[in-house]
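Data block below; observations after.
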Amino acid sequence: MKKILLFVFAGISLQLAAGSDPYFRQAENMLRLYNPAYSGLRDLKNKSLLLSFRNQWMDFRDGAPLAFSGTFGGYFEKLHGSLDGSYMFDRNGVYQNHWLSLKYAFNAKLGENMNLNIGARTSLALINADFGPCITTPGTCEIEGTYKWSMPDFDAGLMLTHTDKFFFGASARHLTEPDVKFKTRSGTELILDKAYLTYYALLGTTLPVGDHGTFTASGNYRGT
């Protein structure tokens, strides 16, 4: 019987810019959500489910950052790698977005204790930007109304592990994101140029705690 692991995390981030991915601090969230090569790597031959919820600056009246995600999948012998699907909703300011993703990671052994995963993910994003009505002094409000569009997307990444003691991951998110055009009240066309394009790197180690526990220490980099 295949084992199902359930991880539930509540994350708080100190930084999030409009037009960027929700920033989860935990290593498990960063890897599983933002690096397609991580799929099934830690729980080989098992299926796992990761649920994440993030709620920041709740005192904001409108548009406070909020994100929910769910990812399920694992390793499949016939595919020589791992496959999983995910859904994420994120709200930030005027944006409310839905992301549907499918990712595959090929697993290659580089020795007795070292594994390399190379992964790719394809996604469809449903983006909603609601700028509301222009209720300020005429001439000072350039953009108003609601804009909706779908965005096909693609990510790539790699993951290197040495037993449970060392792991390194690097990924590039939203590589095929198209430019988005807005038209202002004065008729000027504005272009939102690949606002989501992001690069991630994460390095860490897992240490045993007692007979059954572990502690993971890691550092990560995000560039947009």
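Quick one: in the range 53-69, which of the residues that are assigned to a strand (DSSP E or B) and within 15 Å of Asn97 (Cβ to Cβ) is modelled with the lowest pLDDT?
Arg54
Do we find a residue being among the small types (Gly, Ala, Ser), surrounded by 16 or more Cβ atoms within 10 Å (Cβ to Cβ) and at pLDDT 80 or above anywhere in the range 184-197?
no
Could you please find all residues in the range 85-125 being touching a residue at least 60 places away in the same chain (Cβ under 8 Å) and not aliphatic (A, V, I, L, M)?
Those that are touching a residue at least 60 places away in the same chain (Cβ under 8 Å) and not aliphatic (A, V, I, L, M): Asp90, Asn92, Gly93, Tyr95, Lys103, Tyr104, Asn107, Asn115, Asn117, Gly119, Arg121.
Could you count how many residues in the range 81-113 are open to solvent by less than 50 Å² (accessible area, probe 1.4 Å), in a strand (DSSP E or B) and not aromatic (Phe, Trp, Tyr)?
Residues in the range 81-113 being open to solvent by less than 50 Å² (accessible area, probe 1.4 Å), in a strand (DSSP E or B) and not aromatic (Phe, Trp, Tyr): 14 in total.
Can you tell me which residue in the range 151-167 is farthest from the chain's Cα centre (by Cα), limited to those that are under 26 Å from His98 (Cβ atoms) and open to solvent by 70 Å² or more (accessible area, probe 1.4 Å)?
Applying the filter and picking the extreme gives Pro152.
The values are calculated or read from the model by the stated rules, or taken from the named source; none is laboratory data. Small disclaimer: the values here were computed from a predicted structure and weren't measured. Neighbour counts are summed over all protein chains in view; Cβ atoms, including those assigned to glycine, are modelled from backbone coordinates with ideal geometry. Side chains included, ligands, DNA and RNA excluded: accessible areas come from the protein's heavy atoms. Shrake-Rupley method; radii C 1.70, N 1.55, O 1.52, S 1.80 Å.
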